[in-house]
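Novice: Let me give you the structure first, and then I'll get to my questions.
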Amino acid sequence: MKFTLSWLKEYVDTKDLSPEALADHLTMLGLEVDGVTAIFPELQTLRTAKVLSVEPHPNADKLSLCEVAVGENTYSIVCGAPNVRENLITAIALPGTVMPDGTKIKPSKVRGIKSNGMLCSERELGLSESHTGIMELPDNTDHGQPLLQTLGLDDLLVEVDLTPNRPDCASVIGIAREVAGITQSELKLPVEESSIEHNNAKFSVDVENCEQCPRYAARLIEGVTIGPSPWWLQKRLLSIGMRPINNVVDITNFVMMEYGQPLHAFDFDTLEGRQVIVRNPKNDEKTFTTLDGEERTLEPDMLMICDAVKPVAVAGVMGGLNSEVTDKTTNILLESACFNAISIRRTARRLNLPSEASYRFERGVDPGGCTTVMERAVSLLCEVAGGSVVEGGTDFYGGQRPLNSQTIRISRTASLLGIDLDYDKIADALQSIGMRCKPKNDDTIWVNPPTFRIDIVREADLVEEVARLVGYNNIPTSLPTVSLSYPEQQPQRKIRARTADLLVSTGFFEAINYSFVTDKHLAMMALADDDTLRNQLPLLNPLSEEQSVMRTMLIPSLLENLKRNINFQKNSVKLFEIGKVFTPNGDNEQPIEKERLAGILSGRRYGEASNLHFTEENFDFLDVKGTVEELLQDMRLQNCDKKDKVSFRIPETDDIEPYVDPSQCLLLDSLEGTLGHFGRLQPEIAKCFGIKQDVYFFDIDFEHLCTLQQADKNFSSLPVYPAVKRDIALLIPETVQAGDLLETIRTSKEKFIEHCEIFDVYQGKSLEKGIKSVAISVTYRSPTKTLTEKNVNKSHTKLINTLTSKFNGSLREG
């Protein structure tokens, strides 16, 4: 939005505000000022001149030799303008002047005669397109004066960068209203509110689309004379960079910049049927030629202004060439309307036709000001173009909205802004920009925003207005109070993160799969028809058949990941996933979600490591068992005395899932039940997924696992005294689990036992049938002394006796 200070001062008293202070105030009001600059700075060196005499050029028929007075100095100028004459007051560019087009004026010889400057036309000065002769100034103009001062163009141009929510400030009066709120001055409007009392019988208006055109007003002015605008009008338009065209078009542009309401003038005699119809294009209306001579392609949802036969304008964007005001126009139909902002924005973008009118319509114009702006334009047209307005007109207001009444709470506003406020302060601030206020109760104010403030729709908007008008600089600055406490994380999230870190540190990669899977997975896993995992939740609108149900297991998705890796020749894979499985919970109820931990191991134990340093051994059952053991030990749920201790158990036949190799499978048990299982996948199941190598897996109820109480962390200092190691080789029935031997040793009351582990299990021809040999290494140490042979022998003998008697075993000889 551009305006000049002199134009602004016609509507509001800026008092003693300097241009810099005014710019600062507007910026703090939310109207950011991009710059305050002098208009036409390139014309600052030009002066007024008086032609003293004119003689023919001796060497050219169309040139004249002129003696020109510029103040106290006289210059000889060679001029070719046909209108140069004695006593003419005009503009002169003396040597050293740089013209708007970049030309530098120098003394030069023209057909042998020296010329000391140039008498200028309006086009050479960038003031208009007129180039029929040099510029003519009033006869009473003093010569030698600065041209800008003489023309009234010694002014400052202010450019404001408006936000999209403030269309009311896309006008000089809108800016003046904001300044009036700053200076507490009265806003001086050119005309008071006006209305059209009755319809004009000479034309009719029909609006077919009230949603896209809430209001349409029109009046007829007869007997106008098209011609150049008076200088005061041209000056206003030139000062903001708009090109004067003729008096009628210039009036519509002037009033648009003054009020922010675009207007359009039709040549009334070109409107067939004396009708105006606001509608969308008909099926056979595919193209339309706008004022710039370009043929535009129309679309069905574009809003058009039409007569009885054809379109005559693109509503809110640009008029048509077929109804343009020309030099022969004598009767004008003036339009003042309000169009739907979204419709105008869409049309302007599609036609690639931005304009000053569309800029304002697509942000929203004041629907309540159409007739007032019409009255202003009509009075100027009658004054400037010599026309007479026909009584009455048309004012269609089919899209009138109810009164926008809002409330603002005094206490809430004071709390949000952090300043002391009362009714008078808030009411004075809002009333200074045209809002009406009255008290509702002790803490609430009724506020009626004017129709031009289409951005005021809630209390927060009114609070923002109060903050703007009170002044952001007057709101005290205070730092927010921030607690330094660290937010407590959910224990399960901590365990999840630690588990993921642990598995990654042991060579696993984490997989994140969709919760949507194919319903074929469970059949591929050979689950029975009555298995609870078969109870899946189908999706109402699946993305594809491969993602039609919510998963009840994690293993199938990991097997799909393994297959994909194998297809890319990555045969050694360690993957895990911590994710949710879903179980239906009845109609219209959310499914039960439980978090599980699953992983798979397949291929070479050492992956792609060089055979020079590592063997080509493949993963086996002990790898997956070791992974689960390490996880339980990290969570302090194994080898502890707590009630929530987790242990391994060989499953009964009924407990074995159909996809697990019965000979290589263990269950995880706690006192509250089974937590999960791990083992080797049946080769037939792996083949169903296109996998031909051994696959080992673990599947654990992670949500349940996280609820178990972990053993306390205990600190023990590094041992000072040496340890003593003794081995025990026992022959025991093969039905005895080797782990039971270790559990017996750990729970024995021998105080010197520090550690025990199995280092050999043997079954062969040298042993009796049904017997196996288990070798255990036991470490003894005392925290207070060095153990003697007697101390160790005593404890070791007791331990051997306990094991042999409890498990019906004997020491292995040799």
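The values are calculated or read from the model by the stated rules, or taken from the named source; none is laboratory data. Predicted model only: the values in this text are computed from it and were never measured. In this analysis, Cβ positions are derived from the backbone assuming ideal geometry, glycine residues included, and neighbour counts consider all displayed protein chains. Ligands, DNA and RNA are excluded from the accessible area calculation, which covers all protein heavy atoms including side chains. Shrake-Rupley method; radii C 1.70, N 1.55, O 1.52, S 1.80 Å.
Novice: Kindly rank 333-343, 742-752 from highest to lowest mean number of other beta carbons found within 10 Å of each residue. Don't skip to the end; give the middle numbers.
Specialist: Details: 333-343: 23.5, 742-752: 13.6.
So the peptides 333-343, 742-752, ranked by packing, come out 333-343, 742-752.
Novice: Further question on the same structure: Quick one: order 122, 324, 391 from most to least accessible surface, probe 1.4 Å.
Specialist: Heavy-atom accessible area, descending, gives 391, 324, 122.
Novice: On a 0 to 90° scale, report how tilted helix 341-351 is relative to the longest principal axis of the chain, with both axes built from alpha carbons and the result rounded to the nearest 10.
Specialist: That works out to roughly 80 degrees.
Novice: Net charge near residue 412, counting Lys/Arg +1 and Asp/Glu -1 over other residues with Cβ under 9 Å of its Cβ? If you can, show how the numbers build up before the last one.
Specialist: Details: positive: 409; negative: 443, 459.
Neighbourhood net charge equals -1.
Novice: If the cut-off is a Cα-Cα distance under 15 Å, which aspartates and glutamates reach residue 114, setting aside same-chain residues fewer than 8 apart in sequence?
Specialist: The qualifying aspartates and glutamates are 55, 67.
Novice: Ranked by accessible surface with a 1.4 Å probe, highest first, in what order do 366, 712 come?
Specialist: So the residues, ranked largest to smallest area, are 712, 366.
Novice: Over the alpha-carbon set of region 561-666, divide Rg by the Kirkwood Rh and report the Rg/Rh ratio to two decimals.
Specialist: Values: Rg = 18.0 Å, Rh = 17.2 Å.
Rg divided by Rh gives 1.05.
Novice: Using a probe of 1.4 angstrom, how much of the accessible area of the chain is carbon and sulfur, in percent?
Specialist: In the chain, the share of accessible area belonging to carbon and sulfur is 48 percent.
Novice: What share of all Cα pairs of region 104-250, in percent, falls into each consecutive 5 Å distance bin?
Specialist: Going from the shortest bin to the longest, the percentages are 2, 6, 9, 12, 14, 13, 13, 11, 8, 5, 3, 2, 2, 1, 0.
Novice: Can you give me the C-alpha center-to-center distance between region 367-431 and region 22-61, rounded to a whole angstrom?
Specialist: Spelled out, the Cα-based centre of one part sits 36 Å from the other.
Novice: Hey, what's the chain come to in accessible area per residue, 1.4 Å probe, Å²?
Specialist: Ligands and nucleic acids excluded, the result is 52 Å² per residue.
Novice: With a 1.4 Å probe and all protein chains kept in place, how much accessible area does residue 789 have, in Å² rounded to the nearest 10?
Specialist: About 120 Å², ignoring ligands and nucleic acids.
Novice: Given that compact globular proteins tend to follow 2.2 N^0.38 Å, what is the ratio of the alpha-carbon Rg of region 273-360 to that value? Working shown, then result.
Specialist: Numbers: Rg = 12.5 Å, N = 88, 2.2 N^0.38 = 12.1 Å.
Relative to the 2.2 N^0.38 Å estimate, region 273-360 comes out at 1.04.
Novice: If you bin every alpha carbon distance in region 467-568 into 10 Å steps from zero, what whole percent lands in each bin?
Specialist: With 10 Å bins starting at 0, P(r) equals 11, 24, 22, 15, 9, 11, 7, 1.
Novice: Which of the aspartates and glutamates could a cross-linker bridge to residue 563, judged by Cα under 17 Å and excluding same-chain residues fewer than eight apart?
Specialist: 510, 546, 577, 684, 694
Novice: On a straight-distance basis, which lysines could pair with residue 790 in a cross-link, Cα separation under 27 angstrom, same-chain partners fewer than 8 positions away excluded?
Specialist: Correct list for residue 790: 725, 749, 751, 798, 806.
Novice: Express the relative contact order of the chain as a whole percentage, based on alpha carbon pairs under 8 Å and six or more residues apart in sequence. Write down the numbers at each step before the final one.
Specialist: Values: 1532 pairs, mean separation 65.3, N = 814.
Reported as a whole number, the value is 8 percent.
Novice: Let me ask something else about it. Run lengths n ≥ 4 of DSSP H only: what is the helix-derived mean residue ellipticity at 222 nm for the chain, with -39500 (n - 2.57) per run over all residues, to the nearest 500?
Specialist: -7500 deg cm²/dmol
Novice: I've got another one for you. When the gyration tensor of region 195-309 is built from Cα positions, what are the square roots of 5 times its three eigenvalues, in whole Å, from largest to smallest?
Specialist: Its equivalent ellipsoid spans semi-axes of 27, 19, 15 Å.
Novice: Given a Förster distance of 35 angstrom, what is the FRET efficiency for residue 198 paired with residue 269, based on the Cβ-Cβ distance and rounded to 0.05?
Specialist: So the FRET efficiency works out to roughly 0.90.
Novice: Translational diffusion coefficient of region 317-377 at 4 °C, 1.567 mPa s, Stokes-Einstein with Kirkwood Rh over Cα pairs, in µm²/s as a whole number.
Specialist: Estimated diffusion coefficient is 99 µm²/s.
Novice: Ok, one more. Give the accessible area for residue 7 in Å² (nearest 10); use a 1.4 Å probe, count only protein heavy atoms, and leave out ligands, DNA and RNA.
Specialist: 0
Novice: Another question, if that's okay. For region 684-814, state the average projected area of the convex hull of the C-alpha atoms over all orientations, rounded to one decimal in nm².
Specialist: Averaged projected area of region 684-814's Cα convex hull equals 13.5 nm².
Novice: For a quick check of understanding: with a 1.4 angstrom probe and all protein chains in place, what accessible area in square angstrom does residue 349 have, to the nearest ten?
Specialist: Number for this one is 150 Å².
Novice: Also, I was wondering about something else. Go from 0 up to the bin containing the longest alpha carbon distance in region 36-81, width 10 Å each, and give me the % of pairs per bin.
Specialist: In whole percents, the pair-distance histogram is 24, 37, 25, 11, 3.
Novice: Report, in debye and to the nearest 20, how large the dipole of region 521-579 comes out about its Cα centre when Lys and Arg carry +1 and Asp and Glu carry -1 on their Cβ.
Specialist: 380
Novice: Here is a follow-up. When the label point is put 7 Å from the Cα of residue 788 along its Cα-to-beta-carbon vector, which residues of region 725-749 have a backbone N closer than 20 Å?
Specialist: 725-726
Novice: A further question on this structure: For every other residue with a beta carbon closer than 12 angstrom to the beta carbon of residue 56, add +1 if it is Lys or Arg and -1 if Asp or Glu, then tell me the sum.
Specialist: Net local charge, residue 56 excluded: 0.
Novice: On to the next question. State, in angstrom, two size descriptors of region 163-234 derived from its alpha carbons: Rg to one decimal place and Dmax to the nearest whole number.
Specialist: Just the Cα atoms of region 163-234 yield Rg and Dmax of 17.9, 47 Å.
Novice: Over the residues of region 662-747, compute the C-alpha Rg and express it relative to 2.2 N^0.38 Å.
Specialist: Dividing the Cα Rg of region 662-747 by 2.2 N^0.38 Å gives 1.64.
Novice: Obtain the radius of gyration and the Kirkwood radius of region 1-147 from its C-alpha atoms and give Rg over Rh.
Specialist: 1.12
Novice: Peptides 205-214, 293-302: what's the order by average Cβ count within 10 Å, highest mean first? Mind showing how you got there, number by number?
Specialist: Numbers: 205-214: 17.7, 293-302: 13.8.
Put in order of decreasing packing, that is 205-214, 293-302.
Novice: In region 239-293, what trypsin sites (Lys or Arg not before Pro) fall in a loop by DSSP, with at most 13 other Cβ atoms inside 10 Å?
Specialist: Taking region 239-293 and a limit of 13 other Cβ atoms within 10 Å, the loop trypsin sites (Lys or Arg not before Pro) found are 282, 286.
Novice: With only alpha-carbon atoms in the gyration tensor, what are the semi-axes of the equivalent ellipsoid for region 131-170, in Å, largest first?
Specialist: Each semi-axis is the square root of five times an eigenvalue, giving 37, 13, 8 Å.
Novice: How big is the Kirkwood radius of the chain, worked out from every pair of different alpha carbons and given in Å to one decimal?
Specialist: Numbers: mean 1/r = 0.0271 Å⁻¹.
Its Kirkwood hydrodynamic radius stands at 36.9 Å.
Novice: Further question on the same structure: Ranked from highest to lowest mean number of other Cβ atoms within 10 Å per residue, what is the order of the peptides 376-388, 102-114, 566-578? Before the final figure, lay out the partial values.
Specialist: Numbers: 376-388: 19.3, 102-114: 12.3, 566-578: 17.4.
Most protected by this proxy first, the peptides run 376-388, 566-578, 102-114.
Novice: Ok, one more. Count neighbours as other Cβ atoms within 10 Å of each site's Cβ, and list the trypsin sites (Lys or Arg not before Pro) in region 575-653 that are DSSP loop with at most 16 such neighbours.
Specialist: 642, 643
Novice: Relative to the longest principal axis of the C-alpha atoms of the chain, give the angle of the C-alpha long axis of helix 172-183, reported between 0 and 90° and rounded to the nearest 10°.
Specialist: Value to nearest ten degrees: 80.
Novice: Please report the relative contact order for region 115-207, taking Cα pairs under 8 Å with a sequence separation of at least 6, and give it as a percent rounded to a whole number.
Specialist: Normalised by residue count, the contact order of region 115-207 is 10 percent.
Novice: Rounding to the nearest 10 and keeping the result within 0 to 90°, find how far the Cα-based axis of helix 247-259 lies from the longest principal axis of the chain.
Specialist: For helix 247-259, the angle is close to 50 degrees.
Novice: Take 560, 684 and sort them by solvent-accessible surface of the protein heavy atoms, 1.4 Å probe, largest at the top.
Specialist: Sorted by accessible area, descending: 684, 560.
Novice: Using the eigenvalues of the Cα gyration tensor, what equivalent ellipsoid semi-axes result for region 365-481 when each is taken as the square root of five times the eigenvalue, whole Å, largest first?
Specialist: Over the Cα atoms of region 365-481, the semi-axes work out to 39, 16, 12 Å.
Novice: Sticking with this structure for a sec: Divide, for region 103-167, the radius of gyration over alpha carbons by 2.2 N^0.38 Å, where N is the residue count.
Specialist: On the way: Rg = 18.1 Å, N = 65, 2.2 N^0.38 = 10.7 Å.
In units of the globular-protein estimate, region 103-167 measures up at 1.68.
Novice: From the Cα trace of region 402-556, what convex hull volume per residue do you get, rounded to a whole Å³?
Specialist: 310
Novice: What does the charge count near residue 85 come to, summing +1 for each Lys or Arg and -1 for each Asp or Glu among other residues with Cβ under 14 Å from its Cβ?
Specialist: -4
Novice: Further, regarding this structure: Quick check for me: using +1 on Lys/Arg Cβ and -1 on Asp/Glu Cβ, what's the dipole size of the chain about its Cα centre, in debye to the nearest 20?
Specialist: So the dipole magnitude of the chain works out to roughly 3080 debye.
Novice: Hey, could you get me the Stokes-Einstein D for region 770-814, Kirkwood radius over alpha-carbon pairs, 4 °C and 1.567 mPa s, rounded to whole µm² s⁻¹?
Specialist: Working: Rh = 12.4 Å.
Once the numbers are plugged in, D ends up at 105 µm²/s.
Novice: Per residue, how big is the convex hull around the C-alpha atoms of region 556-622? Give it to me in cubic angstrom, could you?
Specialist: With only Cα atoms used, region 556-622 gives 105 Å³ per residue.
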